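Reading through the structure tokens given below for one structure.
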Amino acid sequence: LRLCSVADTVRERMACSISGEIATDPVVSLKSGHLFERRLIEKQISATGRCPITDQDLTKEDLLSVKSHQNQQASVVKPRLTSAAGIPGVLKTLQDEWDAVMLETFTLKKHLSDVRQELAYALYQKDAACRVIARLIKERDQARAALSDVQSNMAAAVGKSGPAGEMEVEDDAGINSEIIRKMQTTAKKLGNKARKTKVKGLQLSVKKPDEVAGYKKLSSHPLHSSSKPGILCLDLHPKSQDLVLTGGSDTNAILFNRGTKKILDTLKAHKKKVTSVKFHPTSNVLFTTSNDSTAIIWSPDSKGKFKKQSVLADHTAAVVNSTLHPSGDYLITASADASWCFWDLETASCKAKVSSDKIQAGYTKATFHPDGLILAAATADQTVRIFDVKQQKNVHDFKGHAGDITGLAFSENGYYLGSADSKGVVKMWDLRKLSNFHTIEIGKPLTDLAFDQSGTYMLTTGPDIQVYSVKGFSLVKTFNDHKKEVTSAIFGKDAAFIASTSRDRTLKFFG
């Protein structure tokens, strides 16, 4: 039995790797070590020049004969018959046909194995694609539902505003259908999908929290008059980030170049302290507001120096803030006289002065929503009010602050609104649910609040500057470099630097 088992093992090891039959004239590939029937492997080499098992290049010189008693006898007794003559010729033909069938069968089996692998890979790719599509459809449905919630909540709020809440509009032409059409076109371009894509792109390049945490003071520049010290507001040019505009207690606005560290121009026209300053994003135009009840549009003369182009004087009390529509065509000014004005910049005319018997407290802050159809404005009665600009209606009020609201800003995603007050409290409001979803108790009087362009960071100003990560609202960095109260601060592009102003009369840069 042991001898039979050994014999069987020997026969199995002498089997041809192509046909599976015991080789009568065995040869071994020097490259792969596989054993073949000589006639089969030589036909394969003649046809393809490659090993049928490993697919390596193979020649007849790479074959090594295996000597055995059987093939030694075959070499001694080697009949030489005429091909296809008699029974031996027929058997030879049949053998050739068998060899061809075995080679073809082997090739087909290998091809079948390759096709099965490709099919499995294709099915895996299809399954992964289906998962991605399902996830995107889910995100789309969630975005649509969120938009529907915002629209329904706003519509419900509009419906609730009764006769006592009707806004009084004083104007000549009003916010007409042409203006509304332009605003809706802008809102469509800056809709949820476009805004989400923009924010995601900005978040890819924004500085990481550990980088922001390492920021230090880069430079400090004393500006404005020392007799009436204090810089109250600032703005960065949206495109030319070296340009900084500041407004001071000395009634002047100053245009400063961060790169050259030089004052480019001083804008003198207001009679009282300047409360806000703004760059136009695409035109060489500046805007300032003041406690003298006016706002001024500035444009350069032939020498490049800014001169007042138009004085906007429809308010009867201090103009505390201004906000530019995303289209760049319209400006809203908010005043302590409890009204806000909608200005057409092309004609420098007030299209609507909006006030209400319901709102007796003056405004302290105002800012456009990123799509330009909603206005958020804070009043001196510690209320954040939401307006439908097209209809000039107060559609909802957010209450909860115990101090005067000194900072107000929308996150770029359009869903969140942040507000800060003089008691040191920051509240985050969700426009979809019309509710407060997060509160930060800082405990020190605050003067301003701002988000970076990607919505990744939020900062507050007061005795110092505090930078928070919006995700989780964790404190990233505190700057204590100003000697007096910090009045305003703003992020540069990608949060690569921070500019701040203070009552210590300095403009500082951190990065």
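The values are calculated or read from the model by the stated rules, or taken from the named source; none is laboratory data. None of the values given here were measured: they were computed from a predicted structure. In this analysis, Cβ positions are derived from the backbone assuming ideal geometry, glycine residues included, and neighbour counts consider all displayed protein chains. Only protein heavy atoms, including side chains, enter the accessible area calculation; ligands, DNA and RNA are left aside. Shrake-Rupley method; radii C 1.70, N 1.55, O 1.52, S 1.80 Å.
Note on residue 390 and residue 87: the model spin-label points, each 7 Å out from Cα along the C-beta direction, lie 10.1 nm apart.
The Cα-based radius of gyration and maximum Cα-Cα distance (Dmax) for the range 280-348 are 12.0, 39 Å. Protection proxy ranking of 413-419, 206-212, by the mean of other Cβ atoms within 10 Å over each peptide's residues and highest first, is 413-419, 206-212. Take the Cα of residue 268, step 7 Å toward its Cβ, do the same at residue 282, and the gap between the two points is 3.5 nm. Highest average first, the peptides 497-508, 138-149, 26-37 ordered by how many other beta carbon atoms sit within 10 Å of their residues are 497-508, 26-37, 138-149. Ellipsoid semi-axes for the range 213-279, based on the Cα gyration tensor and the rule √(5λ), read 21, 14, 11 Å when sorted largest first. At a Förster radius of 35 Å, what calculated FRET efficiency corresponds to the Cβ-Cβ distance of residue 257 and residue 197, to the nearest 0.05? E(calc), rounded to 0.05, equals 0.60. Extension gain, residue 111-residue 469: 0.36 nm per intervening residue step, less the Cα-Cα distance, totals 123.2 nm. Between residue 484 and residue 346, full extension at 0.36 nm per residue minus the direct alpha carbon distance yields a gain of 45.7 nm. What residue among 354, 468, 231 has its Cα farthest toward the positive end of the dipole of the chain, where the charges are +1 on Lys, Arg and -1 on Asp, Glu, each on the Cβ? Comparing the listed Cα positions along the dipole, 231 ranks first. Computed from label points 7 Å out along Cα-Cβ, the spacing between residue 219 and residue 357 is 5.6 nm.
Only DSSP H runs of four or more residues enter the estimate; each adds -39500 (n - 2.57), and after division by the residues of the chain the mean residue ellipticity at 222 nm equals -9000 deg cm²/dmol. Measuring how big the range 175-241 is from its alpha-carbon positions, Rg and Dmax come out at 19.7, 51 Å. Over the chain, Cα pairs under 8 Å with separation of 6+ residues give a relative contact order of 11 percent.
Once the chain from residue 61 to residue 441 is taken as fully extended at 0.36 nm per residue, the excess over their C-alpha distance is 128.2 nm. If a spin label sat at a point 7 angstrom from the Cα of residue 242 along the line to its beta carbon, the backbone N atoms of the range 286-304 nearer than 18 Å would be those of 304. Against the chain, whose longest principal axis is taken from its Cα atoms, helix 86-160 shows a tilt of about 10°.
Kirkwood's formula applied to the C-alpha pairs of the range 344-415 gives a hydrodynamic radius of 13.2 angstrom. Solvent exposure of the chain, expressed per residue, is 51 Å² of accessible area, with all protein chains present and a 1.4 angstrom probe.
Along the axis of the charge dipole computed for the chain (Cβ charges of +1 for Lys and Arg, -1 for Asp and Glu, origin at the Cα centre), the listed residues 382, 18, 255 are led at the positive end by 255. Helix 2-13 axis versus longest C-alpha principal axis of the chain: approximately 60°, rounded to the nearest ten. Among the listed pairs 393/427; 189/484; 239/399; 353/508; 278/427, a Cα-Cα separation exceeding 31 Å is found for 189/484; 239/399; 353/508. Here the dipole of the chain is about 880 debye; that uses its Cα centre as origin and unit charges on the Cβ of Lys and Arg (positive) and Asp and Glu (negative).
Over all distinct Cα-Cα pairs of the chain, the Kirkwood formula returns a hydrodynamic radius of 28.7 Å. Going by the alpha-carbon gyration tensor, a ≥ b ≥ c the square roots of its eigenvalues, is the range 259-396 rounded (a/c under 1.5) or, if a/c is not under 1.5, prolate (a/b greater than b/c) versus oblate? It is prolate, given that a/c is not under 1.5 and a/b is the larger ratio. Overall, the ratio between the Cα radius of gyration of the range 166-324 and 2.2 N^0.38 Å, rounded to two decimals, is 1.25.
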